[in-house]
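A short worksheet on the structure shown next.
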Amino acid sequence: MLIITVSRQTGSLGEELAKELSMTFGLPLIDREYVNTQWLSGIAKSNQISLLKDSPKAHLTLSSEGIPFYVSIENRLKEATKDSGAIILGLGAEVIFKDNPNAFHIRIISPEPARINRICEQYGIDATQAQKFIALSDRKHRKYLFDIYSQSWGDNSLYHITLNTEKLKITQISQMIANMFPNEIKNDTSAAKIDTGEHRLKKRDFVHPSEAEFVKILEMYHLEWKYEPTTFPIEWDTEGNVTKAFTPDFFLPAFQTYVELTTMNQKYVTAKNRKMRKLKALYPEVNITILYKKDISKLLSKFGVL
Amino acid sequence: MEKSNGVGRTVISKERLRKRVVELGREISADYNGLHPVVVSVLRGGMFFLSDLTRAISIPVHVDTLAIGRYPEGHSVSGAVKITKDLDILITGRHVIIAEDIVDTGLTLGYLTRILNNHKPESLHVCALLNNTARRFINLPLRYVGFNIPDIFVVGYGLDFNEDYRHLEYIAEYKLP
């Protein structure tokens, strides 16, 4: 019935560690995404879910159970870990399970330069953007713990161990924790379920034929291009986890310009425009252009590609 | 001048063109006084603009042209653009102004600026007669702009449709077939 809680600075590899521990111990991983998708729909209306995803203080309002949302979540966490244990990422679990004898609380940190490097690599953004991303995400982590539990995120007494991942590999840390609890390791790892990484960049072929046609035009002008090299986080949940990201289709290094093609009908374009506006607000220094269906048709026609 | 088939309404009259080009010439004369710039344009669309603009400049200037073409069918990079007539004047260390007839996607201008920057000019700026931003995806600073125009196909004053209408003294909308 081991419960391991993982609190982390943004870019300190806390999510990766939680996943690794989940696999190592064969325990389910419970994180913010799991709570949002599995639990909130049963106790909150759709408009409340939106608020809960964005605002820590919304957790102080009443759920359909007549108790504050954060208490509803606490109850489910306690219920979920009663018989089987779990790896819990964030959620204020270090406070919720503070006095639980089966709980072990880990805090993961890294020096800022290392965190910036990791975020740059993970999302393909530059150092200035990564620094802003980290500041925003950490602020949300800190605010959640303070608004709900009046606890300081940096209070080391909340944790049994604080690990700096600058020079440690996740597998090394996971092994170290495993050595501390050898009797808790299960052979069956099927219980471990995770993949919150829907925004991770995957290398793939062109999604739409128009992208391949667009490349022909770029190559006519000997323009170097990169396909989906950068993912910009644009929304974070209450705890600072990225919940929505935007990956422009192309990057033209010679002009430091991103190009997003949209071949969707106009009625579906509104959502993409909203994403674009968010991206521009969060990353005003990023040069990005969206080409709509009619623009692309005209362009392809003009250059004889169609 | 008699209008031909496909040529629609006048977008910019001969008089407005003349007045604005003179204004651009004055601005350039003031900004480049003592710098002896080189004004460069792309054949053939920019030839009338280059001619009128440089004659409206009151300071000493050098004038040069280049031409862009496409690799023919059957070539390994068929369709790709290439320089078919290079500059005759050495622009290294010079102040260069590109006189462009029209900037729309920014692709041609982007190609040009990369080519010209390879010669390491002291400065490189753009003077665009027409600016259509509707389909722009390569944003380059345009120091001088004659007219901002909507997203329409235009001909005249050097701009053509299948080599026709370059000779028109005004800019007109062209209804594509």
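The values are calculated or read from the model by the stated rules, or taken from the named source; none is laboratory data. Nothing here was measured: the structure is a model prediction, and the numbers come from that model. When we count neighbours, we look across all protein chains shown, and the Cβ atoms used for this are built from the backbone with ideal geometry, even at glycine. Note: accessible area is taken over every heavy atom of the protein model, side chains too, but ligands, DNA and RNA are not part of it. Shrake-Rupley method; radii C 1.70, N 1.55, O 1.52, S 1.80 Å.
Before moving on, here are some points about what is shown:
- Above-threshold pairs, the threshold being 20 Å between Cα atoms, out of A:Lys19/A:Lys169; A:Lys216/A:Lys298; A:Lys216/B:Lys175: A:Lys216/B:Lys175
- Distance from segment B:11-87 to segment A:139-159 (C-alpha centre basis), Å: 63 Å
- Pairs of Cα atoms nearer than 8 Å and 6+ residues apart set the relative contact order; for segment B:7-110 it is 28 percent.
- Here segment B:101-168 is assigned +1 on the Cβ of each Lys and Arg and -1 on the Cβ of each Asp and Glu. Its dipole about the Cα centre then comes out at about 340 debye.
- Shape category assigned to segment A:220-306 from the gyration tensor of Cα positions, a/c cut at 1.5: oblate
- Here's how it looks for B:Phe161: its modeled amide H is under 5 Å from those of B:Arg166, which are all 5 or more places away or on a different chain.
- Listed residues A:Asp126, B:Asp64, B:Asp104 arranged by accessible area, highest first, probe 1.4 Å: A:Asp126, B:Asp104, B:Asp64
- When the inverse distances between all different Cα atoms of the protein assembly as shown are averaged and flipped, the Kirkwood radius reads 26.8 angstrom.
- Pairs from the list A:Lys244/A:Lys280; A:Lys53/A:Lys143; A:Lys140/A:Lys272 with a Cα-Cα gap above 18 Å: A:Lys140/A:Lys272.
- Heavy-atom accessible surface of A:Ser110, to the nearest 10 Å², is about 10 Å², with a 1.4 Å probe and all protein chains retained.
- Placing a label point 7 Å from the Cα of A:Tyr227 along the Cα-to-Cβ direction, the residues of segment A:243-265 whose backbone N falls under 11 Å of that point are A:250.
- Note on B:Arg26 and A:Asn273: their simple-model spin labels are 4.0 nm apart, each label 7 Å out from Cα toward Cβ.
- Pairwise FRET efficiency - A:Ala212 versus A:Thr61, Cβ, R0 = 45 Å, nearest 0.05: 0.35
- The listed residues A:Trp225, A:Trp153, once ranked by accessible area (1.4 Å probe) with the largest placed first, stand as A:Trp225, A:Trp153.
- For segment A:45-93, the average shadow cast by the Cα convex hull is 3.7 nm², which is a quarter of the hull's surface.
- In the complete set of protein chains, residue-level accessible area for A:Ile109 is approximately 50 Å², probe 1.4 angstrom.
- Looking at segment B:94-172, the accessible area is 36 square angstrom per residue; that uses a 1.4 Å probe and ignores ligands, DNA and RNA.
- Centroid-to-centroid separation of segment B:104-158 and segment A:2-76 [C-alpha atoms, Å]: 52 Å
- Value of Rg/Rh across segment A:102-166 [Cα atoms, Kirkwood radius]: 1.03
- Farthest positive-ward along segment B:24-177 dipole, Cα basis, beta-carbon charges - from B:Ala134, B:Ala67, B:Ala80: B:Ala80
- Note: relative contact order over chain A, using C-alpha pairs below 8 Å and six or more positions apart, is 23 percent.
- For chain B, the relative contact order comes to 25 percent (Cα pairs under 8 Å, sequence separation of at least 6).
- One compactness figure for segment B:1-147 is 1.10, namely its Cα radius of gyration divided by 2.2 N^0.38 Å.
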